[in-house]
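Peer 1: Quick one: the structure is below, and I'll ask about it shortly.
The values are calculated or read from the model by the stated rules, or taken from the named source; none is laboratory data. Everything quoted here is computed from the prediction, not taken from an experiment. Cβ: placed from backbone, ideal geometry, glycine included. Neighbour counts: every protein chain shown.
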Amino acid sequence: MPRRYVIALIKHETNTFSPISTPLSAFGHGNGPAYGDAARARFAGTNTPMSAFLDIAQRQHAEVVTPVAAEAWPSSKASRTTFEQLVRPLEQAVREGCDAVFLDLHGAMVIEDSDDAEGEIVRRLRHIAPALPIAVTLDYHTNLSSELVDNATVITGYKTYPHVDMYDVGKLAGEILVRALDGEVEPVMAWGSRPLLASIMRQAPEDGPSGDIVRYAREVEANGTVLAATFLASFPHADTPDTGVSAIVIGDAKRGGAAAAKEVCDRMLDIAWERRREYAFIAPPLAESVARAKALGATTTGGPVLLIDHCDNCGSGGAQDVMAVVAEILRQEIADVAIAPIRDAESVARMIAAGVGNEVELELGGKIDMPSIGLKGEPLYLRGRVRTITDGEFTVTGPMYTGLKMHLGRTAVLETAGAQIVVTERAHEPMDVGVFTHCGIDPRRKKYAMLKSRIHYRAGFKPIAGAIVECAGAGVTNADLSVYRYQKLRRPIWPLDPL
């Protein structure tokens, strides 16, 4: 008889300081969750762990059940009611019987009455079927809990940031679990954590201390020391007792793998702790950064100068309507600049009403207050011409989320004072050039491009960039962790406390 696999995706990176709500409709990036066959269709053939799980099942000629696939951009806590509408179809599929479960999760999901949503998901499945093999993939920005580890069979996580290895991570987790089902291996996991909050602006393996940790993890996987090794750099904008860097390693108990797994895990965490000061990020003043970008634009050839507005990034829970960096760009009269995206449904509606080619006056952005950090929204008064109106839909062609369709909601481009500003109804992380090209802007031909991003922009934009300047505006994705009023975070923890 063919095996029966349950494959599901429930993902949300929760910024507990974010003012952005997370209703059920937010999942599916604004289109709502997908259930049953629609869940499979949404993620098949994409660069995601769920797609890898589906491919593994197909190769095995297994029967597949996909009860739910739901992912939302980072934002505030979802309600218990929303969470139950995501988890109950998964529970029902397990109650109906299966040989294994493959879960594409995030690892930093918080709901209104639980700081550890992923731990609860896996615990509930384990309660239904105590001997059930469960494979889990996690995001690089996981805050790992003991409950999740204790109730999973296999856990792997991304090694890249931007996350371009999502399919590979799903393939690794899925194949380890299948080998366990076939009796080839007996997975045993070792894990640990350190009291370290790593600034997200310093988490990219290509230019931070995580690079040496990830290289070591790849080496011990390649030489067979362990089955999988994962370093999790944490999500510091979630105020929970589990927030902080961690690592999890899978050994093979049939080959004495428990000791090896612990040794590898400890070594990864030791590197992080020894180099903890490298995880701090100190930003220069905004005006200074923008002036530097302007100067670079006068001499740089071969691609646009990227101005990275990293304090207001929806990919970490930002409002995506803070206008501080845009205002400074215009104040310094930087011309030939493309800006994306500003989330402002009201301004989109005004531009659509005005029509393409017509003049419009807007109070752009600044619609959302951020009481958690004491920041009030400040719109920016602009006058310009409506250049383009689109439905905001495009398919990612770059290396992150390849093949996935994106939904920005109705989108309009405002042309003003040498800038072309992409304004959207919905949030969107600009990790792919499609955020510009779908509305007729070729960023390769611009002298400057401003992106509301932190690190993920590197997936689609770093290859075309002439230079990159990080600009510290304002918002709930501020890299300065001292601006947040943590209440549940375990203390002491570096760099907030002297350790």
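Peer 1: Quick one: how many residues across the range 325-356 are assigned to a helix (DSSP H, G or I) and either of a type in the set (Phe, Trp, Tyr) or farther than 22 Å from Ala291 by Cβ (or both)?
Peer 2: Taking the range 325-356 as the starting set, the residues that turn out to be assigned to a helix (DSSP H, G or I) are 325-331, 345-354.
Filter once more, keeping what is either of a type in the set (Phe, Trp, Tyr) or farther than 22 Å from Ala291 by Cβ (or both): 345-354.
Number satisfying all stated conditions: 10.
Peer 1: With respect to Ala283, determine if the residue is within 30 Å of Ile20 (Cα to Cα), of a type in the set (A, V, I, L, M, F, W, C), within 27 Å of the chain's Cα centre (by Cα) and surrounded by fewer than 24 Cβ atoms within 10 Å (Cβ to Cβ). Walk me through it before giving the result.
Peer 2: Details: within 30 Å of Ile20 (Cα to Cα): yes; of a type in the set (A, V, I, L, M, F, W, C): yes; within 27 Å of the chain's Cα centre (by Cα): yes; surrounded by fewer than 24 Cβ atoms within 10 Å (Cβ to Cβ): yes.
It is true that Ala283 is within 30 Å of Ile20 (Cα to Cα), of a type in the set (A, V, I, L, M, F, W, C), within 27 Å of the chain's Cα centre (by Cα) and surrounded by fewer than 24 Cβ atoms within 10 Å (Cβ to Cβ).
Peer 1: Can you name the residue in the range 80-115 that is touching a Lys or Arg at 6+ places or on another chain (Cβ under 9 Å) and either acidic (Asp, Glu) or outside the structural domain of Met166 (by TED's automatic domain parsing) (or both) and, of all such residues, is surrounded by the most Cβ atoms within 10 Å (Cβ to Cβ)?
Peer 2: Out of the qualifying residues, it is Asp104.
Peer 1: Additional query: Do you know which residues across the range 199-213 are farther than 21 Å from Ser482 by Cβ, outside any loop (DSSP other than H, G, I, E, B) and under 18 Å from the mean Cα position of the chain (by Cα)?
Peer 2: Pass one, the range 199-213, residues farther than 21 Å from Ser482 by Cβ: 204-207, 210-213.
Subset that is outside any loop (DSSP other than H, G, I, E, B): 210-213.
The answer is Ser210, and nothing else.
Peer 1: Which condition number in (1) within 18 Å of Ile455 (Cα to Cα); (2) outside any loop (DSSP other than H, G, I, E, B) is the one that Ile282 fails?
Peer 2: Against the list (1) within 18 Å of Ile455 (Cα to Cα); (2) outside any loop (DSSP other than H, G, I, E, B), Ile282 comes up short only on (2).
Peer 1: What are the pairs with Cβ atoms under 8 angstrom where one residue, in the range 28-43, is not assigned by TED's automatic domain parsing to the domain that holds Tyr401 and the other, located anywhere, is among the hydroxyl-bearing types (Ser, Thr, Tyr)? Sequence gap at least six, or different chains.
Peer 2: Listed by first residue and then by second, the contacts come to Asn31/Ser25; Gly32/Ser25; Gly36/Thr66; Asp37/Thr66; Ala39/Thr66; Arg40/Thr66; Phe43/Ser51.
Peer 1: Among the residues of the range 427-434, is any closer than 29 Å to Tyr279 by Cα, in a strand (DSSP E or B) and not acidic (Asp, Glu)? Break it down into steps so the answer makes sense when it comes.
Peer 2: Just the residues of the range 427-434 that are closer than 29 Å to Tyr279 by Cα, to begin with: 427-433.
With in a strand (DSSP E or B) added as a condition, the list becomes none.
Within the range 427-434, not a single residue is closer than 29 Å to Tyr279 by Cα, in a strand (DSSP E or B) and not acidic (Asp, Glu).
Peer 1: Go through (1) in a helix (DSSP H, G or I); (2) out of contact with any helix residue (DSSP H, G or I) (no Cβ under 8 Å at 6 or more places or on another chain); (3) more than 14 Å from His141 (Cβ to Cβ) for Gly224 and report which single condition fails.
Peer 2: Tallying (1) in a helix (DSSP H, G or I); (2) out of contact with any helix residue (DSSP H, G or I) (no Cβ under 8 Å at 6 or more places or on another chain); (3) more than 14 Å from His141 (Cβ to Cβ), Gly224 fails exactly one: (1).
Peer 1: Moving on. Step by step: first the residues of the range 124-140, then only those that are assigned to a loop (DSSP other than H, G, I, E, B) and aliphatic (A, V, I, L, M), then the one that is surrounded by the most Cβ atoms within 10 Å (Cβ to Cβ). Which residue is that? Break it down into steps so the answer makes sense when it comes.
Peer 2: Going residue by residue through the range 124-140, those that are assigned to a loop (DSSP other than H, G, I, E, B) are 129-133, 139-140.
Next cut, aliphatic (A, V, I, L, M) only: 129, 131-132.
On the way: Ala129: 14, Ala131: 6, Leu132: 19.
Checking each candidate, the answer is Leu132.
Peer 1: Also, quick follow-up: Does the range 234-256 hold any residues that are crowded, with 24+ Cβ neighbours inside 10 Å and either within 15 Å of Ile155 (Cα to Cα) or without any contact (Cβ under 8 Å) to a residue 60 or more places away in the chain (or both), and which are they?
Peer 2: Across the range 234-256, the qualifying residues are Val245, Ser246, Ala247, Ile248, Val249, Ile250, Gly251.
Peer 1: Exactly one condition in (1) without any contact (Cβ under 8 Å) to a residue 40 or more places away in the chain; (2) among the charged types (D, E, K, R); (3) closer than 21 Å to Lys462 by Cα is false for Asp312; which is it?
Peer 2: Checking Asp312 against (1) without any contact (Cβ under 8 Å) to a residue 40 or more places away in the chain; (2) among the charged types (D, E, K, R); (3) closer than 21 Å to Lys462 by Cα, the one that fails is (1).
Peer 1: Just to verify a result, which residue in the range 141-173, among those that are of a type outside the set (S, T, N, Q) and part of a strand (DSSP E or B), is surrounded by the fewest Cβ atoms within 10 Å (Cβ to Cβ)?
Peer 2: Here is the first cut: in the range 141-173, the residues of a type outside the set (S, T, N, Q) are 141, 144, 147-150, 152, 154-155, 157-159, 161-173.
This time we only want the ones that are part of a strand (DSSP E or B), so: 154-155, 157.
Details: Val154: 27, Ile155: 29, Gly157: 31.
Among those that are of a type outside the set (S, T, N, Q) and part of a strand (DSSP E or B), it is Val154.
Peer 1: On to the next question. Starting from residues that are of a type in the set (A, V, I, L, M) and farther than 28 Å from Gln332 by Cα, keep the ones in the range 393-452 and report whichever is surrounded by the fewest Cβ atoms within 10 Å (Cβ to Cβ).
Peer 2: Leu404
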